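J.: Below: one structure in structure tokens.
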Amino acid sequence: MNHVSLINGVPGEHVALSDRGLHYGDGLFETLAVRDGVCEFWDRHMQRLQLGCERLHIPPPSPTLLRDEAATLIHGRECAVLKIIITRGSGGRGYQVPLPALPARILRVSPQPDHPASHARDGVAVRICDQRLGHNVSLAGLKHLNRLEQVLARLEWETPEIAEGLMLDTEGRVIEGTFTNLFLVDGEHLLTPELNRCGVAGIMRGVVLDIAQRIGLACAERDIDLDDLGRADELFLTNSLIGIWPVRTLEARRLPVGDITRRLQTHLEKQRNLDCIA
Ligand SMILES: Cc1ncc(COP(=O)(O)O)c(C=O)c1O
């Protein structure tokens, strides 16, 4: 029988009502692409999960256990999405954490989203969201379970022609998309917003930065504002499932799908085939 979810290693759909993930968003998650029957960038996802657990003081799950459970779930599936959620588990008194905490492992496979192939080829239309991202240095970069800012931002538009919305922080810096990280090409330079106050340090963002470095492209993480976006020669978005989507329009501005974006897409395709482990 091919199960779609495992909760603490047991096939099932139901999480304890007392789980702190539900009550407080007390946990983390990873979303991995399964392609050709394997999880892409497994080691990077596990590193981020480990680091996130350390920062939230959640006992990290055993990597071999997670690997075995992931392998069980994706067995026989060519193309899918694997979501791994780690919560601090149940218990404690109010916000006070239980000692020792017994974290919950929730693994679930689902079909790949059916984004049109044209998104990666021709680019996507992007808007600027009104909803802002608040600063919190202790949570910045983490893929934690509190995603209300993104949920509110995503409520701002319904038209399917717009694929993504960019989010600014409360001081007007451009940070990321609602479910993607953002890159700008300025001449021969690759830039991406610094994520030390808010935002999610995406796995694909890290992969793209590493590729850029390997192929000798000057790249920097720094504060970016709307004027920088207006001046950019190319813009693109990244996440683990979509890879790289060029931005074709940002509000009323049209942008070309430039050479640097194309080069990075080509390198990413090669790297994806090499860096698949489950
Ligand atoms: C808010 C946000 N930023 C960035 C990303 C990209 O992260 P990753 O590259 O790890 O998929 C995501 C992914 O879901 C996200 O939700």
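J.: So in the range 226-271, with the set limited to residues that are touching a strand residue (DSSP E or B) at 6+ places or on another chain (Cβ under 9 Å), assigned to a helix (DSSP H, G or I) and acidic (Asp, Glu), which one is farthest from the ligand (Cβ to nearest atom)?
T.: 259
J.: In this structure, does residue 94 turn out to be within 20 Å of the chain's Cα centre (by Cα) and either surrounded by fewer than 19 Cβ atoms within 10 Å (Cβ to Cβ) or small (Gly, Ala, Ser) (or both)?
T.: Working: within 20 Å of the chain's Cα centre (by Cα): no; either surrounded by fewer than 19 Cβ atoms within 10 Å (Cβ to Cβ) or small (Gly, Ala, Ser) (or both): yes.
When the stated conditions are applied, residue 94 does not pass them.
J.: Under the condition of being in a helix (DSSP H, G or I) and more than 14 Å from the ligand (Cβ to nearest atom), which residue from the range 191-225 is nearest to residue 259 (Cα to Cα)?
T.: Within the range 191-225, the subset in a helix (DSSP H, G or I) is 203-214.
Retained after the next criterion (residues that are more than 14 Å from the ligand (Cβ to nearest atom)): 212-214.
On the way: 212: 13, 213: 16, 214: 17 Å.
Here the answer is 212.
J.: Counting just the residues of the range 147-176 that are within 11 Å of the ligand (Cβ to nearest atom) and not in a strand (DSSP E or B), which one comes out surrounded by the fewest Cβ atoms within 10 Å (Cβ to Cβ)?
T.: 151
J.: Pick from 216, 230, 202: which is without any contact (Cβ under 8 Å) to a residue 60 or more places away in the chain and more than 28 Å from residue 136 (Cα to Cα)? Before you say what the answer is, go through the steps one by one.
T.: On the way: 230 fails: more than 28 Å from residue 136 (Cα to Cα); 202 fails: more than 28 Å from residue 136 (Cα to Cα).
Of the residues listed, the single one that is without any contact (Cβ under 8 Å) to a residue 60 or more places away in the chain and more than 28 Å from residue 136 (Cα to Cα) is 216.
J.: Name the one entry in 198, 219 that is within 23 Å of residue 47 (Cβ to Cβ), in contact with an Asp or Glu (Cβ under 9 Å, 6 or more places away or on another chain) and surrounded by 16 or more Cβ atoms within 10 Å (Cβ to Cβ). Steps first, answer last, please.
T.: Values: 219 fails: in contact with an Asp or Glu (Cβ under 9 Å, 6 or more places away or on another chain).
Every option except 198 fails the conditions.
J.: Okay, moving on. Quick one: which residue in 132, 121 is surrounded by fewer than 19 Cβ atoms within 10 Å (Cβ to Cβ) and assigned to a strand (DSSP E or B)? Before you say what the answer is, go through the steps one by one.
T.: On the way: 121 fails: assigned to a strand (DSSP E or B).
The conditions single out 132.
J.: I've got another one for you. Mind telling me which of the residues 67, 48 ends up being within 18 Å of residue 239 (Cα to Cα) and either at pLDDT 95 or above or surrounded by 15 or more Cβ atoms within 10 Å (Cβ to Cβ) (or both)? Give the steps one after another, and end with the answer.
T.: Details: 67 fails: within 18 Å of residue 239 (Cα to Cα).
Answer to the check: 48.
J.: Right, something else. Please give the helices (runs of 4 or more DSSP H) falling wholly within the range 1-88 in which 2 or more residues are among the acidic types (Asp, Glu) and within 20 Å of the chain's Cα centre (by Cα). Reasoning before the result, please.
T.: On the way: elements: 20-24, 42-56, 63-74.
Because the criterion is at least 2 residues that are among the acidic types (Asp, Glu) and within 20 Å of the chain's Cα centre (by Cα), the helices (runs of 4 or more DSSP H) in the range 1-88 that meet it are 42-56.
J.: Which pairs have Cβ atoms under 8 Å, sit 6 or more apart or on different chains, and link a residue in the range 161-173 that is on the phi > 0 side of the Ramachandran plot to one that is of a type in the set (A, V, I, L, M)?
T.: Note: pairs meeting the criteria are 172/226.
J.: Any chance the range 139-160 includes a residue that's touching a residue at least 24 places away in the same chain (Cβ under 8 Å), within 18 Å of the chain's Cα centre (by Cα) and farther than 27 Å from residue 40 by Cα?
T.: Yes.
J.: Restrict the check to the range 107-115 and report whether at least one residue is more than 21 Å from the chain's Cα centre (by Cα) and closer than 20 Å to residue 45 by Cβ. It would help to see each step written out before you state the result.
T.: Looking only at the range 107-115, we keep the residues that are more than 21 Å from the chain's Cα centre (by Cα), and these are none.
No: zero hits.
The values are calculated or read from the model by the stated rules, or taken from the named source; none is laboratory data. Worth saying up front: this structure is predicted, and the values here are computed from it rather than measured. With ideal geometry, Cβ positions are generated from the backbone for all residues, glycine too; neighbour counts draw on all protein chains shown.
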